[in-house]
Every structure is written in C-alpha cells, then in structure tokens.
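To start, the structure under review is shown below, and the notes come after it.
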Amino acid sequence: MTIRRLMALTLFALLFLGSTLAIWALSRTESSASDQVLSAGLAPAPGAAAGNASSNDIAPEETPPVTPEPIPEPVATEPAEVVRVAEPPALVQIPADLISTPTPDSATAVPLPFLTNIPAVPRDGSVVYLTFDDGPDPIYTNQVLDVLARYGAKATFFVIGNSVDAYPGVVQRMINEGHTVGNHTYYHEALPLQEPDHIAQTLGATDAAIARAVGHKTNCLRPPYGAMDQRTFDLVRGQGFTVHMWEVDSEDWKLNDSYAIASNVLAATDLGDRILFHDGPSNRAATVGALESVLQVLTNRGVRFNALDC
Ligand SMILES: [Zn+2]
C-alpha cells in the first residue's frame with residue numbers, strides 16, 4: 001500500500017465519522033425542542049409539584065366529568081292537589097263569590113241543558129216585557145228604577161236571594177214603584193246540575209228572602225243561564241213556579257256599549273216579547289244607557305211596558 005492510498009483512506013474515514021457526528025447532534029437538538037413544546041402546553045412539567053393548582057386544573061385527566069342534567073322527576077304531589085281542588089263537591093253549587101263577577105244568562109262555560117218547549121207569555125196588544133236578572137244591586141238597580149220611572153215603564157226583576165238579603169231596600173223600592181219580582185235562585189246555581197233537595201232549598205231560600213223584604217213571595221222563576229231540563233222543569237212547576245225564559249237577549253252580559261245593546265233590542269223586539277237585561281252585580285252603566293234609548297224609541301212607537309204577573 002502506498003502512502004497516497006493510506007492518506008486517502010484516512011481522509012475518507014474522517015469525513016464519514018464527521019458527518020455521522022453532525023447528524024447525531026442535529027437529531028438531539030430537534031428532540032429536545034419537541035420535548036419543550038409538549039411540556040409547556042399539554043403535560044405537567046417533569047417534577048412539577050402536585051400542589052400546583054393551575055397545572056392541575058388544566059390537566060385533562062383532572063377535569064370534572066360533565067354529568068348530564070338530571071331529568072326532573074314527574075311531580076306527583078302538585079297534580080294531585082289540582083285534582084283535589086277541581087273535584088266538584090257533592091252538590092254542585094256556584095260559590096257566592098262568583099256572583100260578584102258577570103253571570104251571563106245566555107252563555108255558560110260548561111254545557112248545560114236548555115229545554116226548548118217552555119211556553120211564552122200570551123201576546124198582549126202593544127206590550128213588551130222588560131226583565132232584569134242578577135240584582136238587586138245598590139247602584140245599578142236604582143239607576144234602572146230611575147229610568148223606568150221617567151217613562152212610566154214597569155218591569156220584572158229576577159233577583160238573586162243572596163243579594164236580596166244584602167239589599168232588601170232595593171227590592172222594596174221595586175214593589176213600591178209597581179214592578180214585580182221573580183226568583184233567580186239564591187246563589188245563581190245552574191239548576192239541572194243540582195239535586196232535587198238543593199233545588200227546593202235554593203228556590204225556597206230566595207222566596208223567603210223576598211218575603212222578608214216585601215212581605216210576599218213570588219211564583220215567577222227564571223233559571224240562571226237559562227239552563228233547564230225536563231226533570232227540573234217538572235220539579236219547579238210542582239212547586240208552583242211559572243218558568244220565564246226570554247225572547248230577546250240584549251247581550252248586555254257581554255257588551256259594554258249602550259249603543260250596541262240598544263241596537264240589539266230594537267232590531268229584535270216584537271210585541272209580547274220578554275227582553276233580557278241585567279241590573280247586577282257588576283258595572284251595568286251600559287245597560288242603564290241602553291235602557292234609556294230603548295224606552296225613548298219604543299215609547300214613541302206606542303209600545304207599553306208591563307211587569308210580568310208574578
Ligand atoms: Zn242570571
């Protein structure tokens with residue numbers, strides 16, 4: 001081997017060794033940088049204290065598991081209470097406090113029977129019958145009486161016994177001024193929903209209240225809501241009552257507008273008709289205003305206003 005060949009081999013060996021060392025050093029540097037990125041962002045640094053709170057908070061394995069919202073259990077007690085409240089008493093009776101709200105005699109929230117063959121009153125010449133339900137009321141009944149007096153008109157008031165006991169003086173005024181009074185039950189009950197004993201009781205208590213106020217009872221009955229079935233009809237006839245429905249509904253129970261109420265009446269009234277108004281227990285100012293118009297127009301046409309024979 002020549003010296004030149006020996007030198008060439010030595011140089012080649014040195015170059016190989018140098019390049020190998022350079023590659024090894026470079027790979028060490030990249031590995032170290034990669035470790036630093038991982039430890040800074042995602043994992044606790046080696047040797048970090050267990051008490052390092054912020055480090056623990058961000059550790060994925062220490063995040064509290066997200067528990068789903070608990071499904072509310074069906075509430076067992078509240079519906080039971082509602083059912084208990086809604087349960088009708090043995091005797092279905094409209095509470096007295098309902099009388100302080102409008103009590104429409106032509107519309108009910110519950111289906112009620114309506115007997116269609118209840119006789120009308122005999123047609124009598126040029127007479128119309130004004131009738132007022134749900135009084136007496138200390139304000140509006142007196143206003144109605146004032147209007148009637150100005151026109152010399154007579155009317156019939158189907159009174160609630162409970163209100164008669166509260167305002168007997170208003171009923172006395174009705175009688176003193178030539179009007180008549182009919183029975184409209186003591187608490188404005190829907191009679192077909194009542195037991196026979198209760199029907200006798202509510203009608204008897206109202207008659208007694210009227211008798212206490214004016215010295216005599218009545219044989220006229222208007223059933224609240226106009227609700228009537230054959231059983232109830234036979235029952236009240238047996239107690240001596242004449243059942244009075246109406247031919248014309250002024251709709252003052254749903255209209256708060258004198259013009260609309262008067263228009264209803266004037267458009268629909270024939271001679272001999274019984275006209276349904278309300279003089280209590282809520283604000284009846286619109287009825288009072290309508291009554292003035294009706295009396296003015298019909299009086300000018302020669303119509304007379306008589307009370308029913310009660
Ligand atoms: Zn009524």
Point to revise | Hits in segment 261-286 - residues which are without any contact (Cβ under 8 Å) to a residue 24 or more places away in the chain, surrounded by 16 or more Cβ atoms within 10 Å (Cβ to Cβ) and over 18 Å from Asp133 (Cα atoms) | key: Ser263
Exercise for review: Taking Leu193 as the residue in question, decide whether it is hydrophobic (A, V, I, L, M, F, W, C) and free of Cβ contacts under 8 Å to residues at least 60 places away in the same chain.
Suggested key: no
Point to revise | Filter result for the condition that a residue is more than 21 Å from Val121 (Cα to Cα), basic (Lys, Arg) and at pLDDT 95 or above, over Arg301, Arg231 | key: Arg231
Check your understanding: In this structure, is Met228 surrounded by 21 or more Cβ atoms within 10 Å (Cβ to Cβ) and closer than 19 Å to Ile275 by Cα?
Key -> yes
Practice item. Could you please tell me which pairs satisfy a Cβ distance under 6 Å, a separation of 6+ or placement on different chains, a first residue in segment 142-169 that is away from the ligand (no atom under 16 Å from the Cβ), and a second residue that is of a type in the set (Phe, Trp, Tyr)? Key: Ala153/Phe305; Lys154/Phe305
Exercise for review: For residues that are among the β-branched types (Val, Ile, Thr) and either out of contact with any Leu (no Cβ under 7 Å at 6 or more places or on another chain) or more than 16 Å from the ligand (Cβ to nearest atom) (or both), scanning just segment 118-141, find the one that is nearest to Thr218 (Cα to Cα).
Suggested key: Val121
**Study point:** Sole residue being part of a loop (DSSP other than H, G, I, E, B), within 16 Å of the ligand (Cβ to nearest atom), touching a residue at least 24 places away in the same chain (Cβ under 8 Å) and hydroxyl-bearing (Ser, Thr, Tyr), chosen from Tyr187, Tyr225
**Key:** Tyr187
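The values are calculated or read from the model by the stated rules, or taken from the named source; none is laboratory data. Just so you know, these numbers come straight off a predicted model, no measurement behind them. In this analysis, Cβ positions are derived from the backbone assuming ideal geometry, glycine residues included, and neighbour counts consider all displayed protein chains.
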